[in-house]
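See structure below.
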Amino acid sequence: MSATLETLRFCAFCPNLCRSAWAHPHEEGETPSALSLLTVALATGQVADGAEPRALLSRQDMAAACRAACPYGVDVPALVAKALGDIHAKR
Ligand code: SF4
């Protein structure tokens, strides 16, 4: 597993410690850890690629706002973009 996916997997099991940086209503699927989990699932073939997961992963406003609040320095939007680029490159 790449370093990108290892970091996303770590984030996927984090209880969204950065969540307090986002003061707006949101769905759980928009949280940084949810985006990380879905990205790992896509990259490992546990979820089929397609319009639906890509649409879910495009909702990154919360992850972008929470980036500075991550105590581990995880940049979810950048890592998701890197992982999606790696998936595309494998095809
Ligand atoms: S971005 Fe950081 S604080 Fe937020 S869920 Fe991921 S690892 Fe946890």
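Every read-out reported here was derived from the displayed coordinates using simple, explicitly stated rules and does not represent laboratory data. Since the model is a prediction, treat every value here as computed from it, not as a measurement. When we count neighbours, we look across all protein chains shown, and the Cβ atoms used for this are built from the backbone with ideal geometry, even at glycine.
Extension gain for the segment A81 to A41, taken as residue separation times 0.36 nm less the Cα-Cα distance, is 13.0 nm to one decimal.
Of the residues P25, P71, P53, the one that moves most in a GNM of the chain with alpha-carbon contacts below 10 Å is P25.
With the alpha-carbon atoms of the range 49-91 aligned to their principal axes, the span from lowest to highest coordinate is 34, 19, 9 Å, starting with the largest.
Expressed as a fraction of 2.2 N^0.38 Å, the C-alpha radius of gyration for the range 15-90 is 1.07. Around the amide H of V47, modelled in the peptide plane, lie the amide H atoms of L42, all under 5 Å away and 5 or more residues distant in sequence or on another chain. A viscosity of 1.306 mPa s and a temperature of 10 °C, combined with the Kirkwood radius over C-alpha pairs in the Stokes-Einstein formula, give the range 22-61 a diffusion coefficient of 151 µm²/s. How high is the FRET efficiency between E6 and A68 when r is their beta carbon distance and R₀ equals 22 Å, given to the nearest 0.05? In this case the efficiency is close to 0.50. Provide the FRET efficiency to the nearest 0.05 for the H88-H26 pair, computing r from the beta carbons and using R0 = 25 Å. Efficiency, from the Cβ-Cβ distance: 0.35. What 222 nm value per residue comes from the helices of the chain, counting each DSSP H run with n ≥ 4 as -39,500 (n - 2.57) and dividing by all residues, nearest 500 deg cm²/dmol? My calculation for the chain gives -16000 deg cm²/dmol from helical runs alone.
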